[in-house]
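Student: Please find one structure pasted underneath; my questions will follow.
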Amino acid sequence: MSLLTDLLNLDLSDCTGKIIAEYIWVGGTGMDMRSKARTLPGPVDDPSKLPKWNFDGSSTGQATGDDSEVILCPQAIFRDPFRKGKNILVMCDCYAPTGEPIPSNKRSSAANIFSHPDVKAEEPWYGIEQEYTLLQKDINWPLGWPLGGYPGAQGPYYCATGAEKSYGRDIVDAHYKACLYAGVNIGGINAEVMPGQWEFQVGPSVGISAGDELWVARYILERITEIAGVVVSFDPKPVPGEWNGAGAHTNYSTKSMRSEGGYEVIKKAIEKLEARHGEHIAAYGEGNERRLTGRNETADINTFVWGVANRGASVRVGRDTEKEGKGYFEDRRPGSNMDPYVVTSKIAETTILWEPNLSNGE
Amino acid sequence: MALLTDLLNLDLSDSTEKIIAEYIWIGGSGMDLRSKARTLSGPVTDPSKLPKWNYDGSSTGQAPGEDSEVILYPQAIFKDPFRRGNNILVMCDCYTPAGEPIPTNKRHAAAKIFSNPAVSAEEPWYGIEQEYTLLQKDINWPLGWPVGGFPGPQGPYYCSIGADKSFGRDIVDSHYKACLYAGINISGINGEVMPGQWEFQVGPSVGISAGDQVWVARYLLERITEIAGVVVSFDPKPIPGDWNGAGAHTNYSTESMRKDGGFQVIVAAVEKLKLRHKEHIAAYGEGNERRLTGKHETADIHTFSWGVANRGASVRVGRETEQNGKGYFEDRRPASNMDPYVVTAMIADTTILWKP
């Protein structure tokens, strides 16, 4: 259908100054992404110059039918790798007409935490390792797996090549370039231990932009799997048994951790995380108990453990960081279906703002 | 078929001045679009400079065999996104050789209303939200639905992404760009509540051009689904039961409504629409009673209701309009198979000209 492709690839800049803006938001389940497009009279590169919009919240579980308007506030702009030209993707968050963030809007409170002076001063950096599983459409069985059966046991698939070991690379590589084109700070990709499972990393990103970039990267991924006729799953344990789950390990550092003597700051921060383990786990994704079993490179969900180079720990500190006395650490607990606004802001809040001896520190 | 594509994409401007003009008209059923092409000696940008043409009306249910010529009057020009270059699409309406509009010509009467001084002074703006359903060819079952069965219930599909939720995006996105290329004032698109159903919006357009642009946008859509091997349906309730219908919500404002104090003008206009509810409904599309049930974000066909931000009403006023005290309102009653010439002219007629 090259004729359709000709139309899809039309470069409109010769005939009009208008651009198309795809407004993206997180829907009522907290994981479903939604988007719709509008025409704007010319290019825009500043989110504050984009018009607010609205959508029918009663169709996404975010409002009732008799008062259905939910307001979309543009927060971040990326280039549209599908429409190209000057067309854009716009990451938004959702508000009631009165101006209050709606319950499913997790960005608003995260932005409040990140604009706290103590947090801003520490310039928190995040590197998020998003794992995901590709599934065959209609049967929802992992891509490359035999129908009605299982592939050979894990071992050959991590970072593998070959038609009998690596499934879906065209999706992964298209996604990598699309993200770079869009302006998402994608740090890398690799095939994962379970066949049909992959990972991309976004970062280092500062503060609230970590969440914006990860959500837009997820959006681009699902748009690409849609083109490929494949389903993407962010379930943290898509296949029970001796098959790895999918996580969203979150690497983190503050200015103090990156400076001389940072290793001590890191240790203190980890102790605070340990003290709030229950609260963090509750915010780290639904169904995570199926994944954090203590096997398959995870720590048991009920235990907090940290160590250098320990992939069986809740928090891992790299050997480089230990040697240099400064750096970052990796929180391995979040599930692949975590909300990055929630996780990034909670880590900042606990390690920078929260003090253990406050009686209201929940 | 790279060789065919090479030929289709030939840029003729190096070899000739001639251009191709595709004349488009509405056929005898009132919903079937027809077109044929002719060569012109050079580029044309003004419809009044295009020659009239004619066609065999006995082949479209618009004339008897023994007196079959129907005359095509060019009314609006758009760039041709399929042939590109200087080639054009020409929206026409239909007349007898004696110069009378034929019965299926709804544009003529609409143009009269829009040129009434009281109407043109109010500069009526329209934004039309055209919904439609994509169907698998030959079986006429919605695109993406399992053959012989149904998808999971509505909820995940509105504005969705993903191969398990969104069906036909390449058609929708190529239509968006094709319309912008053609010069149609397409303002947006979105995936709809029923899987396989989509919407595009045309506007704001002034007066008669709203109808011209919606018809040409529909033409482009059906040309694109033809390329994709998919069927487009404008039926207002393609699947009975717990599946949304397809509408053509018509957003409307006049100069008075857009100015300070406009909200009162809007309320008065909506009251007039209420009084003529039956006449409007009769003109708002065949089969609309299957769609306007009072469920699935519609108001019951027998009842006229209006409200702010109320998607279950016949007429909805947006919160912004209420807050600003001026703006526009949305008539949610027209079905996807409405004739935009009829609907836009009737709304202008009732709200500006008609007196209770």
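Student: Measuring with a 1.4 Å probe in the full set of protein chains, what accessible area per residue, in whole Å², belongs to the protein assembly as shown?
Tutor: Details: 29180 Å² over 718 residues.
Heavy-atom accessible area per residue stands at 41 Å².
Student: Answer rounded, prolate or oblate for chain A, using the Cα gyration tensor with square roots of eigenvalues a ≥ b ≥ c: rounded when a/c is under 1.5, else prolate when a/b is larger than b/c, else oblate.
Tutor: Cα axes put chain A in the oblate bin.
Student: If you don't mind, another one. In whole Hz and in residue order, list the ³J(HN,Hα) couplings for the stretch A:298-312 that follow from phi through the Karplus curve 6.51 cos²θ - 1.76 cosθ + 1.60, θ = phi - 60°; x for Gly and Pro.
Tutor: Karplus-based 3J(HN,Hα) across the stretch A:298-312 equals 10, 9, 4, 5, 8, 10, 10, 9, 9, x, 7, 6, 9, 7, x Hz.
Student: Solvent-accessible area of residue A:94, probe 1.4 Å, all protein chains present, reported in Å² to the nearest ten, please.
Tutor: Ignoring ligands and nucleic acids, residue A:94 comes out at about 10 Å².
Student: For A:274, A:129, what's the largest-to-smallest order of accessible area, 1.4 Å probe? Don't skip to the answer; put the middle values down first.
Tutor: On the way: A:274 90, A:129 35 Å².
Descending accessible area places them as A:274, A:129.
Student: Right, here's the next one. When all alpha-carbon pairs of the stretch A:1-104 are counted, what percent fall beyond 18 Å?
Tutor: Working: 2777 of 5356 pairs.
Every Cα pair in the stretch A:1-104 considered, those over 18 Å come to 52 percent.
Student: Around residue B:70, which amide H atoms from residues at least 5 apart in sequence, or from another chain, sit under 5 Å from its own amide H, with H modelled in the peptide plane?
Tutor: Counting only residues 5 or more places away or on other chains, the set is B:55, B:57.
Student: For the pair residue A:64 and residue B:322, what calculated FRET efficiency results from E = 1/(1 + (r/R0)^6), where r is the Cβ-Cβ distance and R0 = 22 Å, to the nearest 0.05?
Tutor: Values: r = 17 Å, r/R0 = 0.79.
The pair residue B:322/residue A:64 has a calculated efficiency of 0.80.
Student: If you don't mind, another one. Find the sum over both chains of the accessible area lost when A and B are paired, probe 1.4 Å, and report it in Å² to the nearest 100.
Tutor: On the way: alone 16750 and 16310 Å², together 29180 Å².
Buried area (both sides, nearest 100 Å²): 3900 Å².
Student: Please give the direction-averaged projected area of the C-alpha convex hull for the stretch B:5-110, in square nanometres with one decimal. Don't skip to the answer; put the middle values down first.
Tutor: Values: hull surface 30.5 nm².
Seen from a random direction, the Cα hull of the stretch B:5-110 projects 7.6 nm² on average.
Student: Show me, bin by bin at 10 Å from 0, the whole-percent P(r) of the protein assembly as shown based on Cα pairs.
Tutor: All Cα pairs, binned at 10 Å, distribute as 3, 13, 22, 23, 17, 12, 7, 3, 1, 0 percent.
Student: Give the shape of the stretch B:117-353 as rounded, prolate or oblate, defined through the alpha-carbon gyration tensor: a ≥ b ≥ c are the square roots of its eigenvalues, a/c under 1.5 means rounded, and otherwise the shape is prolate if a/b is larger than b/c and oblate if not. Provide the component values of the computation, followed by the final result.
Tutor: Numbers: a/c = 1.96, a/b = 1.54, b/c = 1.27.
Since a/c reaches 1.5 and a/b is larger than b/c, the shape of the stretch B:117-353 is classed as prolate.
Student: Read phi for every residue in the stretch A:138-149 and hand back ³J(HN,Hα) as whole Hz from Karplus 6.51 cos²θ - 1.76 cosθ + 1.60, θ = phi - 60°, with x for Gly and Pro.
Tutor: Using θ = phi - 60°, the values come out as 6, 10, 6, 10, x, 4, x, 7, x, 5, x, x Hz.
Student: How many angstrom lie between the Cα centre of the stretch B:63-77 and the Cα centre of the stretch B:272-296?
Tutor: Centre-to-centre (Cα) distance: 31 Å.
Student: Okay, next question. Using a 10 Å cut-off on Cβ to Cβ distances, tally the other chain neighbours for every residue of A:37-50 and report the average as a whole number. List each step's numbers first, then the result.
Tutor: Working: counts 11, 6, 9, 2, 0, 0, 0, 0, 0, 0, 0, 0, 0, 0.
Going residue by residue through A:37-50 and averaging, the value is 2.
Student: Let me ask something else about it. If you average 1/r over every pair of different alpha-carbon atoms in the stretch B:90-187 and take one over that average, what Kirkwood value in Å do you get?
Tutor: Numbers: mean 1/r = 0.0556 Å⁻¹.
Kirkwood radius, the stretch B:90-187: 18.0 Å.
Student: Still on this structure, please answer the following. Go ahead and run the numbers for FRET between residue B:15 and residue B:48, Cβ-Cβ distance against an R0 of 22 Å, rounding to 0.05. It would help to have the intermediate numbers written out before the result.
Tutor: Working: r = 29 Å, r/R0 = 1.31.
That pair, residue B:15 with residue B:48, gives E of 0.15.
Student: At 222 nm, what value in deg cm²/dmol follows for the protein assembly as shown if DSSP H runs of at least 4 each add -39500 (n - 2.57) and the sum is divided by all its residues, to the nearest 500? Each step should come with its number before you reach the end.
Tutor: On the way: 20 runs with 192 residues, N = 718.
Per the formula, -7500 deg cm²/dmol.
Student: Quick one: among A:147, A:180, A:50, which has the greatest mean-square fluctuation in a GNM of chain A with alpha-carbon springs under 10 angstrom?
Tutor: With Cα springs under 10 Å in chain A, the top fluctuation among A:147, A:180, A:50 is at A:147.
Student: Might you report the magnitude of the Cβ-based charge dipole of the protein assembly as shown about its Cα centre, with Lys and Arg at +1 and Asp and Glu at -1, to the nearest 20 debye? Let's see the in-between values first.
Tutor: Working: 72 positive and 92 negative charges, 84 e Å.
Dipole magnitude for the protein assembly as shown comes out near 400 debye.
Student: Just to be sure I understand the model, the point goes 7 Å from the Cα along the line to the Cβ. What's the resulting residue B:121 to residue A:137 distance in nm?
Tutor: Result: 5.7 nm between the two label points.
Student: Treating the Cα atoms of the stretch A:189-238 as identical point scatterers in vacuum, please give the log10 of the normalised Debye intensity I(q)/I(0) at q = 0.19, 0.21, 0.27 Å⁻¹, two decimals.
Tutor: For the requested q values the scattering log ratios are -0.76, -0.89, -1.16.
Student: A further question on this structure: Accessible surface of residue A:169 in the full protein assembly, 1.4 angstrom probe, to the nearest 10 Å²?
Tutor: Accessible surface of residue A:169 is approximately 90 Å².
Student: For the stretch B:15-104, what % of the accessible area comes from carbon and sulfur atoms, probe 1.4 Å?
Tutor: On the way: 2010 of 4250 Å².
C and S atoms contribute 47 percent here.
Student: Taking only C-alpha pairs under 8 Å that are 6+ residues apart, what is the relative contact order of chain B in percent?
Tutor: This gives 16 percent for chain B.
Student: Over the stretch B:1-108, what is the mean sequence separation of C-alpha contacts under 8 Å (at least six apart), divided by residue count, expressed as relative contact order in percent?
Tutor: Numbers: 193 pairs, mean separation 28.0, N = 108.
Across the stretch B:1-108, relative contact order equals 26 percent.
Student: Follow-up question, since we're still on this one. What are the residues whose amide H is under 5 Å from the amide H of residue A:75, where those residues sit 5 or more places off or on another chain and H is modelled from the backbone?
Tutor: Under 5 Å from the amide H of residue A:75: A:91, A:92, A:93.
Student: Name the residue farthest towards the positive end of the dipole of chain B from the options B:50, B:166, B:265, assuming +1 on Cβ of Lys and Arg, -1 on Cβ of Asp and Glu, about the Cα centre.
Tutor: Toward the positive end, the furthest listed residue is B:265.
Student: Where both partners of a DSSP beta bridge lie in the protein assembly as shown, what percent of those bridges are antiparallel, to the nearest 5?
Tutor: 90
Student: Same structure, new question: Please compute the modelled spin-label separation between residue B:8 and residue A:14, points set 7 Å along Cα→Cβ, answer in nm with one decimal.
Tutor: A separation of 1.8 nm, rounded to one decimal place.
The values are calculated or read from the model by the stated rules, or taken from the named source; none is laboratory data. These numbers come from a predicted model, not from an experiment. Virtual Cβ from ideal backbone geometry, glycine too; neighbours counted across all protein chains shown. These accessible areas exclude ligands, DNA and RNA; they are computed on the full protein's heavy atoms, side chains included. Shrake-Rupley method; radii C 1.70, N 1.55, O 1.52, S 1.80 Å.
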